[in-house]
Amino acid sequence: MRWMQTAARGLLVLAVVLTGYMASGAPSGSTGGRGPMTLATAGDLTGYLGRVLDGWNRAHPAEKVTVVELPDSADETRAQMITDLRRGEGRFDLLNIDVAWTSEFAAAGWIAPLERDRFPLKSFLPPVVDTATYDGRLYAVPYVTNAGMLFYRKDVLDREGQSPPRTWAELERQARTIAPEYGLGGYAGQFLPYEGLTVNAAEAVYSAGGTILGDEGERVTVDSTAAREGLGFLTQGVRDGWIPKEALTYKEEESRQAFQDGRLLFLRNWPYAYAGASGAQSRVAGKFGAVPLPGPGGPGTSVLGGSNLAVSSHARHPESARDLIAYLTSERVQRRVLSEGALPPVRAALYEDPALVARFPYLPALRASVLAAAPRPKSPHYEQVSLAVQAVAHDAMAQHQTPEAAVRRLADELAAIARRR
């Protein structure tokens, strides 16, 4: 996933130089569970959180937070976090993790459980809280959320006297018949074999009423009619040409650029794409809209994206880290997450704030998408699960396997992964 790369890419980003360490790993003047902290996250291209944390640091001079900027790549960020956590060195007090990593980190004992009543969970959009739990316990607190949306060429559909699609059949018909008349590709998502394809494939399965795993990864549920229908929808799109073959090479940025350059009628992407498509360099500025993803018989199901804040099991100052989480999830800071960072906040009330809706007109549609969204499959072996999903889905979309054979293969691979528990 690219949510961690830039606010312009819909990802949480920070940029502060790592300072303030002693050779022993414990700064002078620290006492007990309180004291200076480090917050580890992915690379920053906007710096908005640096400004947010300036407020914390001024108010808490003895508990200043330093941000450790890890690589832009989510995979590299995860690898560096895990390396530190396995060594138990306590370099990081607080971790900003992809929502899909919570189960893995909790099962491994790398992050500490949290008290539910310490955080304003009832003020959050309900589905996001589930991404922060494992085995019935809270191990992180949602900070930024995300849900996939369907971007569409409003000018083209208006000219044809048609509304944006609410079902797969409508999407297919418009992508197959209208797009070619305007020299456009029909529909694209993130179909390169990486985490983005895991998300797109899961959304297709979920929208058809299926699931991939159950019981925290212990039970494989993907071998179903719904999963075959979902994967078949994507496979048929490539076979029939309304999903361009070039889309099999797209990640978030490539797909966003294709839509922004005026080469697509429809695009599945995260809300961050709204800003780029509205920019001065965009050929579709003022000509597009965004709605929830369609499904077989109506609105579909998005996969939840975003990030959670977790306290390392080796944190030097866990009490300060918990207070910092409460600060970052306060309504005042969450408002800045959206207004300065252009990232979807987890506080429900902000999606109905008139001033914010006027500035970010996609908020009502995004709220509907988040409320109907579901988390990625939970598993202590999530990395292996994701690799299996993306590999199988790509083979099916590339016409190397039928959807039926692909689903059977995926069920077998996931069962082998589940046995490693």
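The values are calculated or read from the model by the stated rules, or taken from the named source; none is laboratory data. Computed from a prediction, not measured in an experiment: that's the story for all the values here. Don't worry about glycine lacking a Cβ; one is built from the backbone with ideal geometry, like all the others, and counts go over all protein chains shown. When the accessible area is computed, the model is the full protein with side chains, heavy atoms only, and any ligands, DNA or RNA have been set aside. Shrake-Rupley method; radii C 1.70, N 1.55, O 1.52, S 1.80 Å.
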Can you list the equivalent-ellipsoid semi-axes of region 186-295, largest first and in whole Å, using the square root of 5 times each Cα gyration tensor eigenvalue?
28, 15, 12
Nothing charged except the Cβ atoms of Lys and Arg (+1) and of Asp and Glu (-1): what's the magnitude of the dipole of the chain about its Cα centre? Round to the nearest 20 debye.
500
For region 252-330, what % of the accessible area comes from carbon and sulfur atoms, probe 1.4 Å?
48
Compute the Cα gyration tensor for region 204-357, then decide on rounded, prolate or oblate, letting a ≥ b ≥ c be the square roots of its eigenvalues: rounded whenever a/c is under 1.5, prolate when a/b is larger than b/c in the other cases, and oblate in all that remain.
oblate
Among [x] 44, 25, 23; [y] 55, 24, 19; [z] 37, 25, 17, the entry derived from the coordinates for semi-axes √(5λ) of the Cα gyration tensor in Å:
[z]
Any idea what % of Cα-Cα pairs in region 276-391 are farther than 18 Å?
67
Mean shadow area of region 76-225 over all directions, Cα convex hull, nm²:
12.5
Assuming 1.567 mPa s and 4 °C, estimate D for region 124-175 with Stokes-Einstein, Rh taken as the Kirkwood radius over Cα pairs, in µm²/s.
91
Whole number in Å², please: accessible area per residue of region 314-421, 1.4 Å probe, ligands, DNA and RNA not counted.
39
I need the per residue convex hull volume for region 259-340, using only the alpha carbons, in cubic angstrom as a whole number.
171
Among DSSP beta bridges lying fully in the chain, give the percent that are antiparallel, nearest 5.
70
Selection from W168, Q260, G209, by position along the positive dipole direction of the chain (Cβ):
Q260
Taking a cut-off of 20 Å between Cα atoms, list the aspartates and glutamates near K122, but don't count ones fewer than 8 places away on the same chain.
D130, D135, D323, E331, E352, D353
Bins of 5 Å, beginning at zero and ending with the bin holding the largest distance: percent of Cα pairs per bin for region 186-249, please.
4, 18, 24, 25, 16, 7, 4, 1
Across every pair of different alpha-carbon atoms, what Kirkwood hydrodynamic radius in Å does region 57-125 reach?
14.2
Net charge dipole size for region 81-152 [Lys, Arg +1 and Asp, Glu -1 on Cβ; Debye, nearest 20]
80
With just the Cα atoms of region 334-411, tell me how far they stretch along each of the three principal axes, in Å, largest first.
50, 28, 20
For region 371-421, take N as its residue count and report Rg(C-alpha) divided by 2.2 N^0.38 Å.
1.23
Filtered hits (lysines, Cα-Cα < 26 Å from K251, offset >= 8 within chain) -> K154, K287, K378
